[in-house]
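Q: For reference, the structure I am asking about is given below.
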Amino acid sequence: MYKNLYEKITDTLVNYGYVFIENALNETLSHELLKVAKDSNNYKNAGISTSLIIDKNRRKDKILWIDADSKATKEYLEFAKGLQEYLNHHLFLGLSYYEAHFARYEIGDFYEKHLDAFKSKKNRIVTTVYYLNDDWNKADGGALIVYDKEGKELQKILPKANTLVVFLSEDFPHEVLSAKKIRYSIAGWFRVDK
Ligand code: OGA
Ligand code: NI
């Protein structure tokens with residue numbers, strides 16, 4: 001069903017290591033996912049946990065791990081599973097698992113520049129971020145900035161509904177600028193360790 005999309009993601013990943021695509025999936029799915037994200041009331045502090053301490057200075061968003069417990073999340077996870085299979089088939093990545101969570105950034109929330117994975121711990125291999133926000137403009141802040149390893153800014157992406165970002169988790173530092181409106185996303189990772 002998503003063959004063209006999978007192909008575009010795969011080709012661009014091979015050439016650049018990252019890709020972002022506007023109007024990536026079905027618009028209705030994006031709306032349905034936003035509804036699920038908004039209706040859920042069990043978001044937890046994300047923070048960065050080093051040992052048992054959650055550092056809320058680096059990351060302010062709240063998260064909710066996703067299951068296939070609604071039609072929309074089921075459909076989203078099926079899209080991801082298809083992408084996992086396509087990437088494995090064409091790039092031999094051996095991805096074995098996908099985990100994803102909704103993230104809610106309240107006004108003023110941000111996520112400092114970080115990497116999603118470190119070379120020493122081969123776990124998160126490919127990152128996905130899918131955005132759910134209607135009517136998002138530059139003035140609303142909350143952009144995702146993707147950097148290269150030298151710290152050069154590669155791309156500034158607004159978290160607009162149905163925009164999908166995919167990148168190699170170990171290679172691209174990124175940050176979320178302070179949001180001026182409530183901002184919803186789905187961050188996900190293909191892993192090799194489960
Ligand atoms: C993350 C992340 C980006 C976003 O959760 O690791 O970088 O735009 N999220 O929500
Ligand atoms: Ni990240």
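The values are calculated or read from the model by the stated rules, or taken from the named source; none is laboratory data. Remember, predicted model here, so these are calculated numbers, not experimental data. Don't worry about glycine lacking a Cβ; one is built from the backbone with ideal geometry, like all the others, and counts go over all protein chains shown. Just so you know, the surface numbers come from the protein's heavy atoms only, side chains and all, with ligands and any DNA or RNA stripped out. Shrake-Rupley method; radii C 1.70, N 1.55, O 1.52, S 1.80 Å.
Q: Would you mind calculating the gained length between ASN15 and LYS138 on full extension (0.36 nm times residue separation, minus the Cα-Cα distance), in nm to one decimal? Show your work: numbers first, answer last.
A: Numbers: separation 123, 0.36 × 123 = 44.28 nm, distance 2.81 nm.
Stretched fully, the ASN15-LYS138 segment lengthens by 41.5 nm.
Q: Something else about it: Starting from the Cα coordinates of segment 60-155, work out the convex hull volume and express it per residue in Å³. Present the calculation step by step, with values, prior to reporting the outcome.
A: Numbers: hull volume 14.5 nm³, N = 96.
It comes to 151 Å³ per residue, whole-number rounded.
Q: Give the aspartates and glutamates reachable from LYS149 as a straight Cα distance under 12 Å; neighbours fewer than 8 places away on the same chain don't count.
A: GLU170, ASP171
Q: Using all Cα-Cα distances in segment 1-114, what percent lands in each 5 angstrom bin from 0 up to the longest?
A: Answer for segment 1-114: a P(r) of 2, 10, 16, 18, 17, 18, 14, 5, 1 percent.
Q: Give me the accessible area per residue for segment 80-159, probe 1.4 Å, as a whole number in Å². Mind dumping the intermediate values first?
A: Values: 3980 Å² over 80 residues.
Dividing the accessible area of segment 80-159 by its residue count gives 50 Å².
Q: Sticking with this structure for a sec: How big is the shadow of the Cα convex hull of segment 119-194, averaged over all directions, in nm²?
A: 5.5
Q: Against the globular-protein guess of 2.2 N^0.38 Å, express the Cα radius of gyration of segment 115-156 as a ratio, rounded to two decimals.
A: Cα-based Rg divided by the globular estimate yields 1.50.
Q: Further question: Average projected area of the Cα convex hull of the chain, in nm²?
A: With every direction weighted equally, the projected area is 10.8 nm².
Q: How many percent of the accessible area of the chain is carbon or sulfur, using a 1.4 Å probe?
A: So the carbon and sulfur contribution to the accessible surface is 51 percent.
Q: Where the centroid of each part is defined by its Cα atoms, how far is segment 21-36 from segment 85-107 in Å?
A: 17
Q: Follow-up question, since we're still on this one. Suppose every K and R has +1 on its Cβ and every D and E has -1 on its Cβ; what is the size of the dipole of the chain about the Cα centre, in Debye to the nearest 20?
A: The calculated dipole for the chain is roughly 460 debye.
Q: Here's something else I'd like to know. Which aspartates and glutamates have a Cα lying under 15 Å from the Cα of LYS71, excluding residues fewer than 8 positions away in the same chain?
A: Partners found: GLU27, GLU32, ASP39.
Q: With an 8 Å Cα cut-off and a minimum separation of 6 or more residues, compute the relative contact order for the chain in percent.
A: That works out to 28 percent.
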